[in-house]
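Chemist: Before we start, here is the structure in question, set down as structure tokens.
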Amino acid sequence: MQAAAIAIDGQDVRLHRILSAMQALWYKETIMQASPTAISYEKGRYKETCGPCGAVFEVIVIGGPMAKSSQEQVEEYGCPECGQVDRCRGAEPPRVSLISKRTDGG
Ligand SMILES: [Zn+2]
């Protein structure tokens, strides 16, 4: 009887460890998924008129955590209408949203 009880206790401990490990893994994944948006911030936004096609779009520049410019690099973004590539400094690619369509008829 006593041996059986110990075995059950042992199983409980193993199960508990597995659950704890799974919980830790889930927690870690959740934090890792959440962190890029949680620690980065909107550094600034500006309207840009595309030279080649004339489309107007808003660029939202994403800054690094704690405003450390050392964690930023050159990010490329494209005109949503013609794909003309431009660059800015940021922690991740900026978000681009079209305001008015291209004016060159293309
Ligand atoms: Zn364009």
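Chemist: Across all directions of projection, what mean area in square nanometres is found for the Cα convex hull of the range 40-100?
Modeler: Values: hull surface 14.3 nm².
Over all viewing directions, the range 40-100 projects a mean Cα-hull area of 3.6 nm².
Chemist: Right, another one. So how far apart, in nm, are the two label points at Val96 and Gln73 if each is 7 Å from Cα heading toward Cβ?
Modeler: 1.9 nm
None of the figures in this text is laboratory data; all of them are computed from the coordinates on show. Everything numeric here is computed off the predicted structure, so don't read it as measured data. Neighbour counts run over all protein chains shown; Cβ positions are idealised from the backbone, glycine included.
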